[in-house]
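Colleague: This is the structure I want to talk about, given as structure tokens.
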Amino acid sequence: MNCFGSLITKPRNVFDMEKRGLISAGLLCLLAFILTLAIGLVPSRAQDRPATEALLPETTVLFVQLDNWQDFVDKMQDSSMGKMLSDRDVAPVVDNVWEELKSAYQSELKDEIGFELDDIVSLPHGEITIAVIAPRRKDPEFVFILETDPESEAADRVLNQSRELIEREGGEIEVEENEDGIEIETMYADGTRLRMFRKDGLIVGSTSEEELQHIIDRWMGREVEKVRPLASNRKFITIMNRCRGGQATLPEARIFIDPIELARSATRGDIGSQFVINLLPILGLDGLLGMGGSILLNEDDFASVTHAHVLLAEPRKGIFQMFAFRPTDYRPEAWMPVGASNYFTSSWDLPLMVSELTKIIETFQEEGTVDRFFENNLDTELGFNVREDLIFNLTGRFTFAQWIEGEVALNSQVPIFAFQVRDVELMENCLEKVFERINRDTPEDSPFRWERGSHRGTVIYEMNEEGMAGIQERQFERQNQNREERGQPGYQVRVNANVDRPSFALIDDYLIISPQSPDALRRAIDTNQGQVESLVDSDDFRRVSDKMIKSLGRDMPSGIFYSDPRVAMGWIFDLARDETNMEFLEERRDENEFFSRVKKVLDKDQIPDFRDVERYFQPQGGYMTSDETGLHFLFFELRSDR
């Protein structure tokens, strides 16, 4: 039996991989999604039909909606990425990528799926919604609602191919008309049934006959006993109201998920999984009531605005009490250099975090376990009180950032983690003791030995460069040795990568850790001493900051985000143009289909210099707030034409 027969098996235990449960049902819905896109030559969506949340039940635990596919595509084409992809210097590369995708589909997937790729991508037209329903005391069921293109010539082809595929695999197709005059088509295969109907230009389908009937009842204005619509679900209402962004119209895309109810439904009958779910209250995770978000495109001065909300119960406890973000006036630190590709800063209440973590651990262990661990292990080994001298010496302010360091390589974009310190002198003593303990049992000639360096008067602790380079070289040699043992020739070209060297330093009043490059710490030191422009003084950050301040009003953020896609995209373009990487792809193209296709695309067209398309990208920003309903996130991208 080919793929369709395998896809439509939905056993009772939905997490049993051998029976293909939830995954099978999901894939069935995906196939039916493609199938029903073809049913149609129907009029456009009626404007007075019930909203989708009025048709779905309140027991919906996953809801993903694209309000209008065609409108979404049009707006995406007007986005920064869309404009760049249609640029005359980039369009030929995009066309070749598409041709390679079609070639891969034709050779590897078409025989299994049965549809032409051009037919599939030309079908969507209006609304697309996928939902998972968790009926009480039953397994989860799938629902999809979508609008088709009334003028698509591909519709009949895909529909006929779908029906032929079902019948070829021994399935059956039945068509009946219900009491409302609605024609319902039912597909049977491998013991699974999928039902669907058309109304007012929409296609609605479900793996549940009962849920489909309830949708029809709500559409016809009849009340469904004991189950209200999703529009009455307080979790859904709260999240969607927070993610609407004050707009009169619906966002281009929305998502809602009730993760705990989804997990409960999906693991019904699985004793092990249900045991884990019953532990959630101990960890405080039962306070996660729901999550959701929305995307709005081309709104005012923004190319895109993304909202995300984590709905939490009050009072918070356990893990959600641990991560108590503190609102304050955040500004990038003086050592944060301009040119950061990503920047995030926030703060925690560290004493509260340690206290809550101790409670959680000692729920499963005897009282005093955490104290003994610190005293008998960390404190004794390092020679100082880790909690008092190190952890509680941090203010709680922490920062994550990325920027480009070193030559063009796969790992040129390096991360740093920074923690603000109360007592700098005390922290200096702690770091020196940590450094001494690391090297105490490490031989002088070990590649894992750390060194004490200095830059502009600031001490930097870093791993030995020669030793780490030797480790990287030996890994490459072992790879070639394994290939030769299998009778394969060894590689001559390695992927272009810088030597990773973890390091840490105390810069100003921040402990900064770089997992990959001490050069990142040197850049931070130079910035702190005025040798490099800082992010807080840059025009781009000021533009983003002004938008954040205006959006926040009187609220104080619990964290802020900043991103400059020009940095990351420039790095990607440089990687694509790098000669060593081209040689790497050339050497491996005969052994790896993916490398072969990438190399083929890059051979056809010269990747343009990023400076020629840089104008399409603008800085991005965002913030996080915390209130009685939970955590709210807002991200935005400035328009390139404003």
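Colleague: Any idea how many residues of region 431-454 are open to solvent by 40 Å² or more (accessible area, probe 1.4 Å) and in a strand (DSSP E or B)?
Modeller: Total satisfying the criteria: 3.
Colleague: Continuing with this model, one more query. So which pairs qualify, if the first residue must be in region 60-83 and open to solvent by 50 Å² or more (accessible area, probe 1.4 Å), the second must be outside any strand (DSSP E or B) and aliphatic (A, V, I, L, M), the Cβ gap must be under 8 Å, and the two must be at least 6 apart or on different chains?
Modeller: none
Colleague: Looking for something surrounded by fewer than 18 Cβ atoms within 10 Å (Cβ to Cβ), in a loop (DSSP other than H, G, I, E, B) and acidic (Asp, Glu) - is there at least one such residue anywhere in region 411-430?
Modeller: Taking every residue of region 411-430 in turn, at least one turns out to be surrounded by fewer than 18 Cβ atoms within 10 Å (Cβ to Cβ), in a loop (DSSP other than H, G, I, E, B) and acidic (Asp, Glu).
Colleague: Given (1) touching a residue at least 40 places away in the same chain (Cβ under 8 Å); (2) surrounded by 15 or more Cβ atoms within 10 Å (Cβ to Cβ), where does ILE277 come up short, assuming only one miss?
Modeller: (1)
Colleague: Could you please find all residues in region 533-551 being farther than 13 Å from GLU637 by Cα and of a type in the set (A, V, I, L, M)?
Modeller: Within region 533-551, LEU535, VAL536, ILE549 meet the criteria.
Colleague: Whether any residue in region 303-321 is farther than 29 Å from LYS433 by Cβ, touching a Phe, Trp or Tyr at 6+ places or on another chain (Cβ under 6 Å) and open to solvent by 40 Å² or more (accessible area, probe 1.4 Å) is what I want to check. I'd like the intermediate steps shown before the answer.
Modeller: Applying the first criterion (farther than 29 Å from LYS433 by Cβ) to region 303-321 yields 303-321.
Subsequent filtering for residues that are touching a Phe, Trp or Tyr at 6+ places or on another chain (Cβ under 6 Å) retains 305-306, 308, 312.
Checking the rest, the ones that are also open to solvent by 40 Å² or more (accessible area, probe 1.4 Å) come to 306.
Yes, because at least one residue in region 303-321 is farther than 29 Å from LYS433 by Cβ, touching a Phe, Trp or Tyr at 6+ places or on another chain (Cβ under 6 Å) and open to solvent by 40 Å² or more (accessible area, probe 1.4 Å).
Colleague: Would region 394-407 turn up any residue that is open to solvent by less than 50 Å² (accessible area, probe 1.4 Å), modelled with pLDDT of 95 or more, over 19 Å from PRO515 (Cβ atoms) and part of a helix (DSSP H, G or I)?
Modeller: So far as region 394-407 goes, no, none of its residues is open to solvent by less than 50 Å² (accessible area, probe 1.4 Å), modelled with pLDDT of 95 or more, over 19 Å from PRO515 (Cβ atoms) and part of a helix (DSSP H, G or I).
Colleague: Please work out if PHE197 is open to solvent by less than 60 Å² (accessible area, probe 1.4 Å), aromatic (Phe, Trp, Tyr) and at pLDDT 85 or above.
Modeller: For PHE197, the condition - open to solvent by less than 60 Å² (accessible area, probe 1.4 Å), aromatic (Phe, Trp, Tyr) and at pLDDT 85 or above - is met.
Colleague: Go through (1) part of a helix (DSSP H, G or I); (2) open to solvent by 50 Å² or more (accessible area, probe 1.4 Å); (3) free of Cβ contacts under 8 Å to residues at least 12 places away in the same chain for GLU381 and report which single condition fails.
Modeller: (3) is the only condition that GLU381 fails.
Colleague: Being over 36 Å from the mean Cα position of the chain (by Cα) and assigned to a loop (DSSP other than H, G, I, E, B) is the filter here; which residues of region 456-500 pass it?
Modeller: Those that are over 36 Å from the mean Cα position of the chain (by Cα) and assigned to a loop (DSSP other than H, G, I, E, B): ARG456, GLY457, ARG486, GLY487, GLN488, PRO489, GLY490.
Colleague: Mind checking which residues of region 604-621 are open to solvent by 40 Å² or more (accessible area, probe 1.4 Å), modelled with pLDDT under 70 and either within 19 Å of ASN496 (Cα to Cα) or not in a helix (DSSP H, G or I) (or both)?
Modeller: Hit for region 604-621 is GLN606, nothing else.
Colleague: Inside region 538-582, can you point out the residues that are within 24 Å of the chain's Cα centre (by Cα) and β-branched (Val, Ile, Thr)?
Modeller: VAL544, ILE560, VAL567, ILE572
Colleague: Can you name every residue in region 218-233 that is assigned to a helix (DSSP H, G or I) and either in contact with a Cys (Cβ under 8 Å, 6 or more places away or on another chain) or surrounded by 15 or more Cβ atoms within 10 Å (Cβ to Cβ) (or both)?
Modeller: Within region 218-233, ARG218, TRP219, LEU230, ALA231 meet the criteria.
Colleague: In addition: How many residues are aliphatic (A, V, I, L, M) and either touching a Phe, Trp or Tyr at 6+ places or on another chain (Cβ under 7 Å) or within 21 Å of ARG566 (Cβ to Cβ) (or both) if we restrict to region 340-352? Don't jump to the end; show me each part of the working.
Modeller: Here is the first cut: in region 340-352, the residues aliphatic (A, V, I, L, M) are 340, 350, 352.
Narrowing the set further to residues that are either touching a Phe, Trp or Tyr at 6+ places or on another chain (Cβ under 7 Å) or within 21 Å of ARG566 (Cβ to Cβ) (or both) leaves 340, 350.
Qualifying residue count, region 340-352: 2.
Colleague: Quick test of your reading of the structure: ILE512 fulfils all but one of (1) open to solvent by less than 20 Å² (accessible area, probe 1.4 Å); (2) part of a helix (DSSP H, G or I); (3) closer than 23 Å to GLN402 by Cβ. Name the failing condition by number.
Modeller: (2)
The values are calculated or read from the model by the stated rules, or taken from the named source; none is laboratory data. Model, not experiment: these values are computed from the prediction. Cβ atoms come from the backbone with ideal geometry, glycine included; neighbour counts cover every protein chain shown. The accessibility values were calculated without ligands, DNA or RNA, using every heavy atom of the protein model including side chains. Shrake-Rupley method; radii C 1.70, N 1.55, O 1.52, S 1.80 Å.
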